[in-house]
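Notes to accompany the following structure.
The values are calculated or read from the model by the stated rules, or taken from the named source; none is laboratory data. From a predicted model like this one, the values you see are computed outputs, not experimental measurements. Every residue, glycine among them, receives a Cβ derived from its backbone with ideal geometry; neighbour counts consider all protein chains shown.
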Amino acid sequence: MHRIILPISRLLVIGLIFALPACGAKETASILVNIKKRALEKNANSYRPPKRNSAGEALVTLKPPYTEWSWGKNGRVSVQNAVSAMCDQAGIGYDRKKSYENTDPICKKWTYPNYEDKPWKEALAETLTPVNLTYVVEDNTVVLMKIEDARRREQSIQGLRAEIAELLSAGAYRRELGDAVIVFPLLDSDGKTTAVGTLLCELGMLKAAYVPDKALNLHVPSVVELYHDMGYDGTRESPTEHERERILRRFETKDAATGALEIAGAGTFEINLHFDGSRGKRDFSTSGQKNDLHRVPQWIAHCIHEYRGTRLSRSQEEYVGLPELHDTAGLHTLTGLERDYWNGKKDVIEWTRFIKLNPDSVFALYHYCLVSRDTERDNSFRCITEHLEGSARNELVEFLEADWRHNAGKFEDSAPVFFNLLKGDYRNDALYERLDEGLLALGLGENAEGLHDLWEKHCPKSSNPLRSKGSFHINYAWNARGSGWASTVTEDRWEKFNERLHLAEQYLTRAYELDPTDPRTPSALVKVTLALGYERDQMEQWFSRAVEADPKYYPAYRNKLTYLMPKWHGSRGEMFEFARECAANAPEGSRAEFMLRLAHKEMAYRWGDETGKDWTHYYEDRKVWGELKSLYEKYLSKHPDSISDRNYFAETAFYAHDYEEAARQFDLIGKYIDTECWSEQYYYECRSEAYAKAKRNKS
């Protein structure tokens, strides 16, 4: 996993793990009663609810020889393991990885707890105080910290709370950015998108938006991700009218440019751009030698500002005119690196080499940070800070710096930066997404709610603040409920959970009415129907609306599959019926067919719980493996470069004991390990075993 703490947006999945069961009731009271009753029944044999005193505090017992805990020996335990045991008994989460990173090597010291039915907070304090440690609770999860770091964190929280209160009291942002200008991919002579034509437009929008102070309401990474999801970074037909409308509405603008890139055999190119929007129609064109193609993004940025009538300062003009890339060879290299990234081929060394040759490329820095994060490398933060110190202040680079801290769980450091950016870029939903998670972790949910209210007040006719506000309230609901067992949730937490989910439903429904083209909204409502226990027809209605907006929208399929899982509102038969339908009839260019992979993984965990065996043995069933092998072979025959999917294919083949197939996939994967699939160490262990049992050497 990339993150040290699971983000709030994933608490829905955590809820699955902690077995909130399906109830199917419509009335609020019945929902709450049935959820708790059935959770207790289901977990009666596998989980003991915490003991509580008359004040309702969870009580813990931990005394020698600690034989109940597999790590207990010689009448002593480490501080880390003692805390883990107490949190487990109290029914509260414990972030072992982040705690270790915060307190190593102190947390490895030996301790000798001797507690019986002691309130868990007192027990934690008595264990931690002698070693000068303390703890904080983030997202209802205990995290160990050094005392001085906890004090600094609290000061940061108080300062941020005061700043947000000041903004909400004033009711006004620092500035109002101009509307974005969306440049759709440049089409080739056949009227199709190409990787180079799309990349040139993305670089041009980035140059126009950040000059270096942000000038336009456009978060370029969001455009890049959306263009990839729609297949524009490859060869496909021109964007449809429906797709254009969806993109313009998402980025709250009426201004757009379409164009064509013609590359002649004589080594020349010609580009025509047609702008249409709030400032009427206007055409631009340019031509040149192919070895000057890397200068096109600057030209596109100048066209955007000329169309908008933006008056740039001399220094801004110089910034826009500064090439992102050293030469046209670098443009083609970047195209290949980006393609490899989306396929799961993430090479930090190659990106490092590219940035050294193109030190002014913020776009490359953005991808470098993603690759470093995805491969669990820690040197990108140093690269970002060096860039900040050595170049003009660019708000996208500041965002990347804060995002790195955010992904490391340093919310007290990242949230103030995101908030400061938001004061001058309040329509940027990527900022709210990060801030929501950080503020909830820091216990500032009410402040986050106030920021969403202010956004809605300033943009009453836009669906974006309502959609974002609805998504926030889903996370806010799970924040109230917590990540513990259902039996640990108090009545007031159940009430907040239910209340916030109903608010989410209201906001998201209003957002959909304003903009039915955004699949994110009805997809989020599928999650609401699941959490509130609505009947299947209501879920199906929102699912249909999501795939009508975008037939390839993966989260909609995933959310429906979750709803149909046996532990929620479906059954094994319903879940597999849907998953197999997706596998057989997935829309072209989508990943919906992998619902079948997720369905089998869910049943593997379920099978492991029921049999008491290692869940990986589930894949030894010949029918299971045969179905999944066919799924991978079919998909990879059309997408042979997808290294990420080959990781999962190799993993499943290994579990199925098909070592020949696993070895073939390991050969193709090489060093490109998908850390969402397995850790680097485990990957090499499995690969060595597969090669040995396939009786051949590494190819």
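Tabulated results
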item: Residue in the range 91-100 that is among the basic types (Lys, Arg) and surrounded by 20 or more Cβ atoms within 10 Å (Cβ to Cβ) present; result: yes
item: Spans of helices (runs of 4 or more DSSP H) in the range 539-643 with at least 2 residues more than 26 Å from Leu508 (Cβ to Cβ); result: 572-585, 595-611, 622-638
item: Matching residues in the range 417-435 - criterion: being buried (at least 20 other Cβ atoms within 10 Å of the Cβ) and touching a Leu at 6+ places or on another chain (Cβ under 9 Å); result: Phe418, Phe419, Leu421, Leu422, Asp425, Tyr426, Arg427, Asn428, Leu431, Tyr432, Leu435
item: Flag for Ala266 being in the same structural domain as Thr194 (by TED's automatic domain parsing), modelled with pLDDT under 95 and not in a helix (DSSP H, G or I); result: yes
item: Helices (runs of 4 or more DSSP H) wholly inside the range 435-524 containing at least 3 residues that are hydroxyl-bearing (Ser, Thr, Tyr); result: 464-481, 491-514
item: Condition broken by Gln538, with the remaining ones in (1) over 21 Å from the mean Cα position of the chain (by Cα); (2) within 22 Å of Glu593 (Cα to Cα) satisfied; result: (2)
item: Of the criteria (1) outside any helix (DSSP H, G or I); (2) modelled with pLDDT under 70; (3) closer than 24 Å to Ala150 by Cβ, which one Arg393 fails; result: (3)
item: Within the range 305-331, tally of residues that are hydrophobic (A, V, I, L, M, F, W, C) and either over 19 Å from Val362 (Cα atoms) or surrounded by fewer than 16 Cβ atoms within 10 Å (Cβ to Cβ) (or both); result: 3
item: Filter result (assigned to a helix (DSSP H, G or I), more than 21 Å from Thr258 (Cα to Cα) and among the hydroxyl-bearing types (Ser, Thr, Tyr)) within the range 302-346; result: Ser315, Tyr319, Thr328, Thr333, Tyr341
item: Failed item in (1) among the acidic types (Asp, Glu); (2) more than 16 Å from Phe472 (Cα to Cα); (3) at pLDDT 95 or above, with Asp403 passing the rest; result: (3)
item: Unmet requirement for Asp641, which otherwise passes all of (1) surrounded by fewer than 17 Cβ atoms within 10 Å (Cβ to Cβ); (2) free of Cβ contacts under 8 Å to residues at least 60 places away in the same chain; result: (2)
item: Single unsatisfied condition, Ser590 versus (1) at pLDDT below 95; (2) surrounded by 21 or more Cβ atoms within 10 Å (Cβ to Cβ); result: (2)
item: Qualifying residue in the range 593-601 (condition: under 21 Å from Tyr619 (Cβ atoms) and among the acidic types (Asp, Glu)); result: yes
item: Within the range 279-301, considering residues that are assigned to a helix (DSSP H, G or I) and touching a helix residue (DSSP H, G or I) at 6+ places or on another chain (Cβ under 6 Å), the one surrounded by the fewest Cβ atoms within 10 Å (Cβ to Cβ); result: Asn291
item: The lone exception for Leu186 - which of (1) among the hydrophobic types (A, V, I, L, M, F, W, C); (2) in the same structural domain as Arg250 (by TED's automatic domain parsing); (3) over 30 Å from Arg236 (Cα atoms) it fails; result: (3)
item: Qualifying residue in the range 259-275 (condition: of a type in the set (Val, Ile, Thr), surrounded by 13 or more Cβ atoms within 10 Å (Cβ to Cβ) and without any contact (Cβ under 8 Å) to a residue 24 or more places away in the chain); result: yes
item: Unique residue being within 23 Å of Glu306 (Cβ to Cβ) and either at pLDDT below 95 or of a type in the set (Asp, Glu) (or both) when the list is Asp229, Asp179, Asp190; result: Asp179
item: Members of the range 264-282 that are under 15 Å from Pro185 (Cα atoms) and hydrophobic (A, V, I, L, M, F, W, C); result: Ile271, Leu273, Phe275
item: Flag for Gly443 being within 29 Å of Glu154 (Cβ to Cβ), surrounded by fewer than 24 Cβ atoms within 10 Å (Cβ to Cβ) and of a type in the set (Gly, Ala, Ser); result: yes
item: Among (1) in contact with an Asp or Glu (Cβ under 8 Å, 6 or more places away or on another chain); (2) assigned to a helix (DSSP H, G or I), the one test that Ile271 misses; result: (2)
item: Subset of the range 229-258 (residues that are outside any loop (DSSP other than H, G, I, E, B) and free of Cβ contacts under 8 Å to residues at least 40 places away in the same chain); result: Glu241, Glu243
item: Filter pass, Asn379 being modelled with pLDDT under 95 and either of a type in the set (A, V, I, L, M) or surrounded by fewer than 20 Cβ atoms within 10 Å (Cβ to Cβ) (or both); result: yes
item: The listed residue being of a type in the set (Gly, Ala, Ser), at pLDDT 95 or above and touching a Cys at 6+ places or on another chain (Cβ under 9 Å), out of Ser78, Ser99; result: Ser99
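Residue-wise test of (1) acidic (Asp, Glu); (2) at pLDDT below 95.
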residue: Tyr432; (1), (2): no, no
residue: Ala448; (1), (2): no, no
residue: His452; (1), (2): no, no
residue: Pro465; (1), (2): no, no
residue: Ala477; (1), (2): no, no
residue: Trp494; (1), (2): no, yes
residue: Glu505; (1), (2): yes, no
residue: Thr517; (1), (2): no, no
residue: Arg520; (1), (2): no, no
